[in-house]
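The values are calculated or read from the model by the stated rules, or taken from the named source; none is laboratory data. In this text the structure is predicted, and so the values were computed from the model without any measurement. Don't worry about glycine lacking a Cβ; one is built from the backbone with ideal geometry, like all the others, and counts go over all protein chains shown. The protein model used for the area step is the full one, side chains on, heavy atoms only, and it has no ligands, DNA or RNA in it. Shrake-Rupley method; radii C 1.70, N 1.55, O 1.52, S 1.80 Å.
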Amino acid sequence: MKDSKDLLVVGVGTMGRPYLQAAARLGLRVRAVESAATWEGRPRDLAETFYRAAVGPEELWNLAVTRAVTERAPDGLVSFAEPHVLAGALAQERLSLPGPSLHAAVISRNKALQRTTFADHGVPQPEFRLAASVADARAWMLQRLPVVVKPLTLAGSEGVELVADAAGVEDVIARRAGEGTVLVEEAVMGPEFSWEALIRDGEVLFENITAKETTQPPYFVELSHRCGHRFDDPLTTARVAALTRGVIEAIGMRTGLVHLEFKVDERGPVLMETAVRTPGDYLPDAIGLTFGFDLYEAVVRLHLGLPLDGLPPAEPVAWAATWFPTVRPGTITGITGVEESEAHPGVVRVRLRKGPGDTVRPLTSSSQRMGHVLIAAESPSEREDTLKFVRETLRVSVEQA
Ligand SMILES: Nc1ncnc2c1ncn2[C@@H]1O[C@H](COP(=O)(O)OP(=O)(O)O)[C@@H](O)[C@H]1O
Ligand SMILES: [Mg+2]
């Protein structure tokens, strides 16, 4: 491999660092665009140049990316997360670099563009109404209760809520009057899954299904992810394959990482949303542990047009999960069981970002969770045992406000 290849990573923070580490292992010349918010902690040893993206509207990433690519055109570009997808795809398009395609990037950034694209591509999805305001969707909602109201471009379940009855309709109209355009959808009831895949020129090279647990309505905050999921009936398996391929085709996905979410009800799988970026919640770590490869390095290779050096295995070699401990709102008075949990053979790490004295707010979006535990076990049943052990062992006491 030529070690002179030049990679630009857009967005690093904490969770994007493994891209830089993979690039270093590959001997690449690396530059990165980093947010001013995490600028001080940027890993200077992992990139030769950092470009600073000011905090503010997403378009500011484009300013920094354009600066980087006009200074020197890279051989490949990896966009890390949602705010980086458009700026990255613009540069990829302009420089003819491997990427999801501008079409896929634009659609993935807007839930209304997703629904309106998938409607005629045969991708199973909820009935929806795109409304200029929540109030405009009143009659539609009343006829289809329960429904879900969601903003077009946020993430992490922010602003996504279930409306169960007529009183809830009036309440959400009053509370979200100033919001402008919203998407209102039929509420799909059933277990939730996600699909993560490596795609090259529209072809699926690797795929993983993740089973999820979320909080009870009205908010849908993700609480755990179990990778390497298999459906036991062939019909669901076939329908999931059709849904995922349908999405790839509909968005015109070319190359990179895709992450999409679906629920399964009596119709089969029904699409929630799709993204062309790194999945959150440390899923790449859990997927890598499950299939025994470095997902970050595979993504870097795809974006440089390098061979994958042997495809990741199709069968799991371990059974990984991430779990997010949650507590009632209030002030944390103590946390016990961290070391005991870490000592468990199935636990890879326990990372808590809150401690005694910190305030815990009601759980309405992912950002309010207090940390995560990464698990990798030798069998699905050991994974359940490990999850149970950690759930019982890691104790957070809270004084209610
Ligand atoms: N139409 C729906 N029916 C049932 N649950 C939904 C629906 N839309 C969203 N949800 C739930 O809300 C979560 C967040 O919604 P999503 O569209 O994925 O937005 P975000 O970008 O915030 O992740 C989903 O993962 C799912 O659990
Ligand atoms: Mg989502």
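What's the number of the only condition in (1) out of contact with any Phe, Trp or Tyr (no Cβ under 7 Å at 6 or more places or on another chain); (2) in contact (Cβ under 8 Å) with a residue 40 or more places away in the chain that His372 fails to meet?
The single condition His372 does not satisfy is (1).
State which residue is nearest to the chain's Cα centre (by Cα) when the search covers only the range 271-280 and only residues that are within 11 Å of ligand 1 (Cβ to nearest atom) and buried (at least 22 other Cβ atoms within 10 Å of the Cβ). Give the steps one after another, and end with the answer.
The initial filter retains those residues of the range 271-280 that are within 11 Å of ligand 1 (Cβ to nearest atom), namely 271-275, 279-280.
Still in the running and buried (at least 22 other Cβ atoms within 10 Å of the Cβ): 271-272, 274-275, 279.
Working: Leu271: 15, Met272: 12, Thr274: 9, Ala275: 7, Pro279: 3 Å.
Looking at residues that are within 11 Å of ligand 1 (Cβ to nearest atom) and buried (at least 22 other Cβ atoms within 10 Å of the Cβ), I get Pro279.
Determine whether Gln114 is polar (S, T, N, Q) and not assigned by TED's automatic domain parsing to the domain that holds Arg31. Spell out how you get there, then give the answer.
Values: polar (S, T, N, Q): yes; not assigned by TED's automatic domain parsing to the domain that holds Arg31: yes.
For Gln114, the condition - polar (S, T, N, Q) and not assigned by TED's automatic domain parsing to the domain that holds Arg31 - is met.
Anything in the range 7-20 that is crowded, with 17+ Cβ neighbours inside 10 Å and not hydrophobic (A, V, I, L, M, F, W, C)? List them, or say none.
Residues satisfying the conditions are Gly11, Gly16, Arg17, Pro18, Tyr19.
In this structure, does Ala37 turn out to be in a helix (DSSP H, G or I), among the hydrophobic types (A, V, I, L, M, F, W, C) and loosely packed, with under 15 Cβ neighbours inside 10 Å? Show your work before the answer.
Details: in a helix (DSSP H, G or I): yes; among the hydrophobic types (A, V, I, L, M, F, W, C): yes; loosely packed, with under 15 Cβ neighbours inside 10 Å: yes.
Yes, satisfied.
Exactly one of (1) buried (at least 22 other Cβ atoms within 10 Å of the Cβ); (2) more than 16 Å from ligand 2 (Cβ to nearest atom); (3) assigned to a loop (DSSP other than H, G, I, E, B) is unmet by Pro316. Its number?
That leaves (1) as the condition not met.
Might you let me know whether the range 59-67 holds any residue that is under 21 Å from the mean Cα position of the chain (by Cα), over 26 Å from Asp201 (Cβ atoms) and open to solvent by 50 Å² or more (accessible area, probe 1.4 Å)?
Looking for residues that are under 21 Å from the mean Cα position of the chain (by Cα), over 26 Å from Asp201 (Cβ atoms) and open to solvent by 50 Å² or more (accessible area, probe 1.4 Å), one finds at least one in the range 59-67, hence yes.
Would you mention how many residues in the range 134-179 are open to solvent by 30 Å² or more (accessible area, probe 1.4 Å) and more than 13 Å from ligand 1 (Cβ to nearest atom)?
16
Kindly establish whether Arg353 is in contact (Cβ under 8 Å) with a residue 60 or more places away in the chain and among the charged types (D, E, K, R). Walk me through it before giving the result.
Values: in contact (Cβ under 8 Å) with a residue 60 or more places away in the chain: no; among the charged types (D, E, K, R): yes.
The answer is no for Arg353.
Residues of the range 369-379 being more than 23 Å from Ser157 (Cα to Cα) and either open to solvent by less than 60 Å² (accessible area, probe 1.4 Å) or of a type in the set (Lys, Arg) (or both), which ones? Reasoning before the result, please.
To start, the set of residues in the range 369-379 that are more than 23 Å from Ser157 (Cα to Cα) comprises 375-379.
If the condition is that a residue be more than 23 Å from Ser157 (Cα to Cα) and either open to solvent by less than 60 Å² (accessible area, probe 1.4 Å) or of a type in the set (Lys, Arg) (or both), then Ile375, Ala376, Ala377, Ser379 are the ones that fit.
Please report, ordered by residue number, the strands (runs of 3 or more DSSP E) entirely within the range 182-262 with at least 3 residues that are within 20 Å of the chain's Cα centre (by Cα). Break it down stepwise before answering.
On the way: elements: 182-186, 192-200, 203-214, 222-226.
So the answer is 192-200, 203-214, 222-226.
Of the residues that make up the range 296-307, is at least one charged (D, E, K, R), modelled with pLDDT of 95 or more, closer than 28 Å to Val30 by Cα and within 16 Å of ligand 2 (Cβ to nearest atom)? Break it down into steps so the answer makes sense when it comes.
Taking the range 296-307 first, the residues charged (D, E, K, R) are 297, 301.
Subset that is modelled with pLDDT of 95 or more: 297, 301.
After this cut, where a residue has to be closer than 28 Å to Val30 by Cα as well, the list is 297, 301.
Restricting the remaining residues to those that are within 16 Å of ligand 2 (Cβ to nearest atom) gives none.
No, the range 296-307 contains no residue that is charged (D, E, K, R), modelled with pLDDT of 95 or more, closer than 28 Å to Val30 by Cα and within 16 Å of ligand 2 (Cβ to nearest atom).
Just one of Phe389, Phe291 is without any contact (Cβ under 8 Å) to a residue 60 or more places away in the chain and buried (at least 16 other Cβ atoms within 10 Å of the Cβ); which is it? Quick ask: steps written out before the conclusion?
Details: Phe291 fails: without any contact (Cβ under 8 Å) to a residue 60 or more places away in the chain.
Testing whether each residue is without any contact (Cβ under 8 Å) to a residue 60 or more places away in the chain and buried (at least 16 other Cβ atoms within 10 Å of the Cβ) leaves just Phe389.
Whether any residue in the range 284-306 is within 14 Å of ligand 1 (Cβ to nearest atom), within 29 Å of Leu183 (Cβ to Cβ) and in contact with a strand residue (DSSP E or B) (Cβ under 9 Å, 6 or more places away or on another chain) is what I want to check. Quick ask: steps written out before the conclusion?
Taking the range 284-306 first, the residues within 14 Å of ligand 1 (Cβ to nearest atom) are none.
No: zero hits.
Given the options Thr153, Thr214, Thr210, Thr181, name the one that is within 16 Å of ligand 2 (Cβ to nearest atom), closer than 19 Å to Arg115 by Cβ and among the β-branched types (Val, Ile, Thr). Please lay out each step first, then the result.
Working: Thr214 fails: closer than 19 Å to Arg115 by Cβ; Thr210 fails: closer than 19 Å to Arg115 by Cβ; Thr181 fails: within 16 Å of ligand 2 (Cβ to nearest atom).
Among Thr153, Thr214, Thr210, Thr181, only Thr153 is within 16 Å of ligand 2 (Cβ to nearest atom), closer than 19 Å to Arg115 by Cβ and among the β-branched types (Val, Ile, Thr).
Condition (residue is on the phi > 0 side of the Ramachandran plot and in a strand (DSSP E or B)) applied to the range 342-360: is it met by at least one residue?
Initial filter on the range 342-360 (on the phi > 0 side of the Ramachandran plot): 357.
Adding the requirement that they be in a strand (DSSP E or B) leaves none.
No, there is no match, as no residue in the range 342-360 is on the phi > 0 side of the Ramachandran plot and in a strand (DSSP E or B).
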